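Scroll down for the structure; my scribbles are underneath it.
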Amino acid sequence: MRYLSLAVLLAAASASAKTPAPPLEGAKAPAFTLNSQEGKPVSLSDYSGKWVVLYFYPKDFTGGCTLEAHNFQKNAAQFAALNAVVLGVSGQSAESHKEFCTKEGLAFKLLADDKYETSKAYGSLTNLGLVKFSSRNTFVIGPDGKIAKRFLKVSPGGHAAEVLAALSELQKSK
């Protein structure tokens, strides 16, 4: 009976802290400023005029998140050739991101959303009562600052290649 009560409480807490829906394609991308693994603030506005691949992931040092990060790193040259920057966002600290980047050989920026405000603004927050984490969603933001493409509830395996292909198509159509 005690476990049932805990489940009910968690469900109630989750329902009371609803995350807004992810922004739609064509909408202005929510602004943010978060610290990177280098401990320096990074803002969306820093990349005005560039394509931004903003991907949200649950946690450093986990299997799926490591696979996804490695795949973005593996395709780094192709993203750069398309005038795109990759930014990863999760709720861990800048120090955790620094350790993760060092251990996994990641050269792109990981941003510390420790208050989950950016995750929430992008509809990418999973809130299970006392447990919060960033949902695995990705947004391609165009040079105009608008959401050009969104990927919701992604699978980490082939996701970086999927984003790269979509980015290439988006640029052909512009």
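Numerical summary
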item	result
Matching residues, segment 123-143, being surrounded by fewer than 13 Cβ atoms within 10 Å (Cβ to Cβ) and either in contact with a Ser or Thr (Cβ under 9 Å, 6 or more places away or on another chain) or farther than 18 Å from ASP113 by Cα (or both)	LEU128
Selection within segment 30-56 - hydrophobic (A, V, I, L, M, F, W, C) and in a strand (DSSP E or B)	LEU34, VAL42, TRP51, VAL52, VAL53, LEU54, PHE56
Boolean, SER119 is closer than 21 Å to LEU67 by Cβ, crowded, with 19+ Cβ neighbours inside 10 Å, of a type in the set (Gly, Ala, Ser) and at pLDDT 95 or above	yes
ALA107 being at pLDDT 95 or above and not in a loop (DSSP other than H, G, I, E, B)	no
Residue in segment 58-78 that is within 18 Å of ILE147 (Cβ to Cβ) and either modelled with pLDDT of 95 or more or in contact with a Lys or Arg (Cβ under 6 Å, 6 or more places away or on another chain) (or both) present	no
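Residue-wise test of (1) surrounded by 15 or more Cβ atoms within 10 Å (Cβ to Cβ); (2) in contact (Cβ under 8 Å) with a residue 24 or more places away in the chain; (3) hydrophobic (A, V, I, L, M, F, W, C); (4) farther than 21 Å from TYR122 by Cβ.
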| residue | (1), (2), (3), (4) |
| --- | --- |
| ASN35 | yes, yes, no, no |
| SER48 | no, yes, no, no |
| VAL52 | yes, yes, yes, no |
| PHE56 | yes, yes, yes, no |
| ASP60 | yes, yes, no, no |
| THR66 | yes, yes, no, yes |
| ALA69 | yes, yes, yes, no |
| PHE72 | yes, yes, yes, no |
| ALA84 | yes, yes, yes, no |
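The values are calculated or read from the model by the stated rules, or taken from the named source; none is laboratory data. Keep in mind that what you see is a predicted model, and the values were worked out from it rather than measured. Glycine also receives a Cβ, built like all others from the backbone with ideal geometry; neighbour counts cover every protein chain displayed.
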